[in-house]
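Below is one structure, written out as structure tokens; the observations come after it.
The values are calculated or read from the model by the stated rules, or taken from the named source; none is laboratory data. Values in this document were obtained by computation on a predicted structure and should not be read as measured data. For accessibility, only protein heavy atoms count, side chains too; no ligands or nucleic acids. Shrake-Rupley method; radii C 1.70, N 1.55, O 1.52, S 1.80 Å.
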Amino acid sequence: MSVESGSRIESHAPPPRLGMLPMIIFGSRWLQLPLYLGLIVAQCVYIALFLKELWHLSWHALDLTEQQIMMSVLALIDVVMISNLLVMVIVGGYETFVSRLELQGHPDEPEWLGHVNASVLKIKLAMAIIGISSIALLRTFIEAGNLGSNRAGFTETGVMWQVLIHLTFVVSAIGIAFVDKLGDSGTRRHAE
């Protein structure tokens, strides 16, 4: 007997008994738990960094130039985007590779979690990395007026490398999505 709950089907039949080796191999997924707990600690570090940046911006707002305020706000956005990436990896990775979170019907269940798998998680992570890279590149472009002066935090070669790395992220994300789409269409054709 099975009951459909959201996009998942829950089975009430007892789980099959596993042999010793399959049980050890399947149970090894729990070795990832400390990794996800470590990422939660990293999330706390980013909260502290965000509060530090926000305090600095708030306390010195009247003394900062418009460009400095913009750079501080971009730093805050960068921290938030990295934090979002951490949440996707923690929640999506745990749900995909370790164990179900059993959030069906919970009012705060993320919409994307109902259809997350390793492929969807890869694409979401690639898009988040592109977003983070875009913010870093925007910060560089804003400071580009200082190139050649003592105030410049980077060189023209550094800017070029940032652009090339960003483009590599974009091309990689497109490649991941394309390969995933090919895999999905191949799986559908094989099922028919």
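Some notes on this structure:
- Projected-area mean, the chain, by convex hull of Cα positions, square nanometres: 16.4
- When a 1.4 Å probe is rolled over the protein heavy atoms, the share of accessible surface on segment 1-134 that falls to carbon and sulfur comes to 69 percent.
- Of the DSSP H helices in the chain, those whose Cα atoms cover at least 20 Å axially and whose Kyte score averages 1.6 or more: 118-142
- Rounded to whole Hz, the Karplus (6.51, -1.76, 1.60) HN-Hα couplings of segment 95-105, x for glycine and proline: 5, 7, 10, 10, 7, 5, 8, 6, 9, 3, x
- Sequence of 53, 111, 95 from largest to smallest accessible area, 1.4 Å probe: 111, 53, 95
- Take the chain with all the other protein chains still there, run a 1.4 Å probe, and you get 70 Å² of accessible area per residue.
- Computed accessible area, residue 127, all protein chains, 1.4 angstrom probe, square angstrom: 110
- Heavy atoms of residue 112 accessible to a 1.4 Å probe, total area in Å² rounded to 10: 50
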